[in-house]
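Just so it is clear, none of the values below were taken in a lab; they were calculated from the coordinates. What you see is a predicted model; the values in this text were computed from it and never measured.
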Amino acid sequence: MKLYLFCLFATITAFTYWLRHINLQHLKQHGDTVPEGFEDAISAEKLRSSSAYTFDSSRLGLWDSLLDNALLIIFLFGGVIAIYDRYVGTLSTSPTISAILFFLLLTWVSTLFGIPFDLYGTFRIEARYGFNTTTPRLWIADFLKSQLIGAIMLSFLVAVVFQLIQWSPQSWWLWVWGFMALFSLFMMFISPYVIEPLFNTFEPVVEEGLEGEIRAMMEKVGLKVGKVMQMDASRRSKHSNAYFTGIGRVKRIVLYDTLIKQMSHGEIVAVLAHEIGHWKKGHIWKRLLWAELMAFGGSWISFKLLAWPGLPGLLGLPAEISLPAKMVVLGFVSSLALFPLGPFSAWRSRCHEREADRYACDLTGKPEELASAMVKLSVENLSNLFPHPFYAAFYYSHPPAVERVRALRMTFLS
């Protein structure tokens, strides 16, 4: 079985690398032609930069992936996990504390190996293409804060989960599922006020007239929003975006300051109309419901498999490995089993994006504004305008930019 799982992992990994290859080859073949609808927005030089940025980012991602996969093979198939598990077991006699240390140390080691790629991506690739505005001091501060927050949250979650397992050995899966569901909702409430301000400064939109236009549109559809804020994204990057955050009465709109500089009021309103479309079409609660249904089923299956004596043997490991080690084995096996669901999830997401686009067009009556905004977002962010159709079908959560703009402008013409 160990050999079978290794061959399955190798096959899936090779397939993902093949997808990456055909995507770059497709870009190499078509990347020097300005796509329809982008003629007035992108120059030949900008188009070359867009292609080069995609190639450089993809190469960095490939090297990062190769290292991750090599470490994973050594850790799981080379038996290092058993050695690591025995070592962590000597650090504490408490099952809960041992579990916390098991996952914390594993996370920190993984993060350590990822630092060089993050640094190179930020200070070489992002800087080379004019995006990076992060200073080394700010990068270090962000890194330390994110690690501290991550360690606190991970420790809390692991502690609660393992206490629930000890408290209710026969039905812990149900309690763990309920706790994780509540915790996710809780984080959606407090994140805008507790976590996000630790990294960025938020202030009311200062662009004259913009907040009034946004609120008028919100009132038109009967959607209440607490605040319309702008975020100092330009402190770290020149990439632009906008998003809704929070849930219930604490919803608020956040605009990157870079987006405000790049777009007209009409384009910004059109982008937010698209986000409103997600709320009005029920995409948010549908995604939450789908996620919780999957988590519910996954919790029950995990309960059964973790109690199965043969689980460690799938990777040739001794049956007496700890519960945290069994969870890692289960996580790996689950990732292989769930891999075919990736394209389905991407397809569902693209359907939602198209629905939100159509809603935005109906709401504003100005599909050209949204099309123009999509063109600017793609050009300013140096997005890949020529993804391979198969690659896009497999991975893209949004329709490819050129396809999306074409569909919007067909709406405009009709």
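Computed over the chain with a Gaussian network model linking Cα atoms closer than 10 Å, the most mobile of Tyr243, Tyr391, Tyr53 is Tyr243.
Cα-based Rg of the range 139-294 per 2.2 N^0.38 Å, rounded to two decimals?
Normalised Rg, Cα atoms only: 1.25.
Backbone amide hydrogens, once placed in the peptide plane, bring Gln230 within less than 5 Å of Glu203, Val205, Leu255, excluding anything fewer than 5 places away on its chain.
Here is the link list: Lys145/Lys376; Lys145/Lys286; Lys220/Lys280; Lys145/Lys261; Lys220/Lys281; Lys224/Lys281. Which ones come out longer than 21 Å on Cα distance? Distance filter (> 21 Å) returns Lys145/Lys376; Lys145/Lys286; Lys145/Lys261. Rounded to the nearest whole Hz, the Karplus-based 3J(HN,Hα) values (6.51 cos²θ - 1.76 cosθ + 1.60, θ = phi - 60°) of the range 176-186 follow the sequence 5, 4, x, 4, 5, 5, 5, 5, 4, 5, 4, with x at glycine and proline.
Please say if the chain is rounded, prolate or oblate, where rounded means a/c under 1.5 for a ≥ b ≥ c the square roots of the C-alpha gyration tensor eigenvalues, and otherwise the choice is prolate for a/b larger than b/c and oblate otherwise?
Numbers: a/c = 1.83, a/b = 1.51, b/c = 1.22.
Here the chain falls in the prolate category.
For the range 58-132, the gyration tensor built on C-alpha atoms gives an oblate shape. Its axis ratio a/c (a ≥ b ≥ c) is at least 1.5, and a/b is not larger than b/c.
Here the Karplus curve 6.51 cos²θ - 1.76 cosθ + 1.60, taken at θ = phi - 60°, turns the phi angles of the range 101-112 into couplings of 5, 4, 6, 5, 4, 5, 5, 5, 5, 4, 4, 4 Hz, with x standing for Gly and Pro. From the alpha carbon centroid of the range 115-169 to that of the range 374-393 is 27 Å.
Result for the chain in a Gaussian network model with C-alpha springs under 10 Å: among Thr96, Thr54, Thr33, the largest mean-square fluctuation is at Thr33.
Karplus-derived 3J(HN,Hα) values for the range 128-135, using 6.51 cos²θ - 1.76 cosθ + 1.60 with θ = phi - 60°, are 4, 9, x, 8, 6, 10, 6, 8 Hz; glycine and proline are entered as x. Residues whose amide H falls under 5 Å from that of Ser237, counting only those 5 or more places apart or on a different chain, are Thr133, with hydrogens built in the peptide plane. Within a straight-line Cα-Cα reach of under 25 Å, Lys326 can be paired with the following lysines, leaving aside sequence neighbours fewer than 8 residues apart in one chain: Lys2, Lys304. For the options Thr13, Thr122, Thr90, a Gaussian network treatment of the chain with springs between C-alpha atoms closer than 10 Å singles out Thr90 as fluctuating the most.
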